[in-house]
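First comes the structure, then the notes that go with it.
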Amino acid sequence: MNILVVGSGAREHAIVHKLKQDGIKNIYCAPGNAGIDELATCVQINHDDVNGLINFAQEQHISLTIVGPEISLSLGIVDAFNENGLTIFGPTKQAAMIESSKFFARQIMRNYHIPQPGFEMFDNSNEAIDYVKTISYPAVIKADGLAAGKGVSIVNTREEAIDVVKAMMEQRVFGDAGKRILVEEFLNGVESSYFVISNGKGFVKLGSARDYKRLNDMDKGPNTGGMGSISPSDKITPALEKKVIDKIINPLMDAFKQESIVYKGVIYTGLMIVDNEPYVLEFNARFGDPETQAIIPRIISDLPGILVDSAKGKTFTETIKTKEEVSVCVVMASKNYPEHPETGKIINGLRDAVKKDTFIFHAGTKKEKGSIITTGGRVLAITGIGADYESARVKAYRSIGNIVFEGANYRKDIGL
Ligand code: AMP
Ligand code: GLY
């Protein structure tokens, strides 16, 4: 079986690593990174070059393509592959709108009674400004479209809210993503994520995780793509998981059926848990990053089989089995991430960092003149697995202790 993975992050490295473990011999990754290159053949085609990817998949007789980034999904990569008779894991452009349009997702949730914060949508900045003068604070303002994880602002005053509305809708700091905005009720609780894989008819549970979004320890500093993760989430007890399935996943599956949306792929539910009740902050249409780097090392089941069943809309033959052990994943980032990451730094110590129960996933790295150098904001994701969070944590940080690059920055409190 030849498999193509689209993307270049630590999420994609974790997927490639699992495919290798599951016995897949021919793995390609477009465009990949220095770590993925050790396990797969990296090809220099970007994740947004849909035609280039189709040509490659046809030439190499790829039997399954797995898509990492949301942008590829929102460009309609799945529709285009399907039109060419190629098997691809992920939702179509229309189905992926649960992520690419926050308003679309909120409307579905409203119509199908899925618990969520109160919200209003605006496509006119004057109306939005009038509205934010009437609400209580804090509140949350969100660009409707994809904004590389930056389109959400928590505002504490009316003045701040007006500035954010103007920046999004008038100055268009996120381009067309801010043509429409949502103003949401601020929910105060604890966050966690829950993942399932759908085949268009039913789903299998992938499990839960917690993402550490803020740059600095104790959840201080700006939001980032994610500075670490744990799986499962300590906040999602079996009773809460049942609520997530009953109140969110099942109604969403029903909504898809009623709306004639065939959703195949990962359903990533970003939750706020308030007084032991789950509310949906967002849906994503793909694997999370860095949640996947914590979830995948715990999976025992054959991942390619599950992804093929999803892509082909076949009945799942088994549930996803996971290890009893838990995982802790710590992201090492470049100096000045997320604003202006400094790149081009040589990474040392990677070989010494290889240890039992530890996984070193590469993100922004490439090989140059015999060295591995940094190329992006998030550079590495190191996952430890163990009987409890503390032992998993110790393993992840022990490996990190061996890795050196100039300006390396990571949180010290992941899994605490
Ligand atoms: P999102 O991309 O919609 O998940 O939002 C990014 C982050 O903003 C979330 O992880 C939360 O920390 C925060 N957030 C989003 N919506 C809300 C809300 N309605 N209430 C409180 N915090 C929120
Ligand atoms: N970890 C957040 C995301 O993947 O969107």
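Within the accessible area of region 46-196, the carbon and sulfur atoms contribute 45%, probe 1.4 Å, all protein chains present.
Quick one: accessible area per residue over region 77-219, 1.4 Å probe, rounded to a whole number of Å²? Per residue, region 77-219 has 45 Å² of solvent-accessible surface.
If you run the Gaussian network model on the chain, springs between alpha carbon atoms under 10 Å, then out of G386, G370, G288 the most flexible one is G370. Ranking of T134, T157, T383 by solvent-accessible surface, largest first: T134, T157, T383 (1.4 Å probe, protein heavy atoms only, all chains present).
Starting from the Cα coordinates of region 356-416, work out the convex hull volume and express it per residue in Å³. Can you show the working numbers first?
On the way: hull volume 5.3 nm³, N = 61.
So the per-residue Cα hull volume is 86 Å³.
Note on E12: accessible area approximately 0 square angstrom, rounded to 10, probe 1.4 Å, nucleic acids and ligands left out. Size of region 322-373 from its Cα atoms: along the principal axes, largest to smallest, the extents are 39, 29, 15 Å. The GluC sites (Glu not before Pro) of region 70-124 include none that DSSP puts in a loop with a beta carbon having at most 10 other beta carbons within 10 Å. Accessible area per residue for region 242-326, computed on protein heavy atoms with a 1.4 Å probe, is 39 Å².
In terms of the mean number of neighbouring beta-carbon atoms within 10 Å, the peptides 165-175, 14-24 order highest first as 14-24, 165-175. Here region 276-338 is treated as a sphere whose radius is the Kirkwood value from Cα pairs; by Stokes-Einstein at 25 °C and 0.890 mPa s it diffuses with a coefficient of 167 µm²/s.
Both radii were evaluated on the Cα set of region 228-334; the Rg over Rh quotient, with Rh as the Kirkwood radius, amounts to 0.97. Put simply, the Cα atoms of region 125-223 extend 45, 36, 23 Å along their principal axes, the longest span coming first. Sorted largest first, the principal axis extents computed over the alpha-carbon atoms of the chain equal 59, 46, 42 Å.
Computed on protein heavy atoms with a 1.4 Å probe, the accessible areas place R411, R393, R214 in the order R214, R393, R411, largest first.
For region 298-403, the normalised intensity computed at q = 0.12 Å⁻¹ comes to -0.56 (log10 of I(q)/I(0), Debye sum over alpha carbons, equal scatterers, no solvent). In plain terms, the C-alpha convex hull of region 43-91 casts an average shadow of 3.0 nm² when viewed from every direction. Taking the 1.4 Å solvent-accessible surface of region 328-416 as the whole, the part contributed by carbon and sulfur is 49%.
How would region 154-276 be classified by its alpha-carbon gyration tensor: rounded, prolate or oblate, with rounded meaning a/c under 1.5 and the a/b versus b/c comparison settling the rest? It comes out oblate by the Cα gyration axes. Pairwise alpha-carbon distances in region 16-150 exceed 26 Å for 42% of all pairs. Mean-square fluctuations from a GNM of the chain, with a 10 angstrom spring cutoff on Cα atoms, peak among G189, G178, G228 at G189. Just to be sure I understand: with springs between alpha-carbon atoms less than 10 Å apart, which residue in F122, F89, F283 has the highest mean-square fluctuation in the Gaussian network model of the chain? Of the options given, F122 has the highest mean-square fluctuation. Only DSSP H runs of four or more residues enter the estimate; each adds -39500 (n - 2.57), and after division by the residues of the chain the mean residue ellipticity at 222 nm equals -7000 deg cm²/dmol. Ranking D302, D289, D275 by solvent-accessible area of protein heavy atoms (1.4 Å probe, all protein chains present), from largest to smallest, gives D275, D302, D289.
The values are calculated or read from the model by the stated rules, or taken from the named source; none is laboratory data. What you see is a predicted model, and the numbers here were worked out from it, not measured in a lab. Here the Cβ is made from the backbone with ideal geometry for all residues, glycine too, and neighbour counts use every protein chain on show. Calculation scope for accessible area: heavy atoms of the full protein, side chains included, ligands and nucleic acids excluded. Shrake-Rupley method; radii C 1.70, N 1.55, O 1.52, S 1.80 Å.
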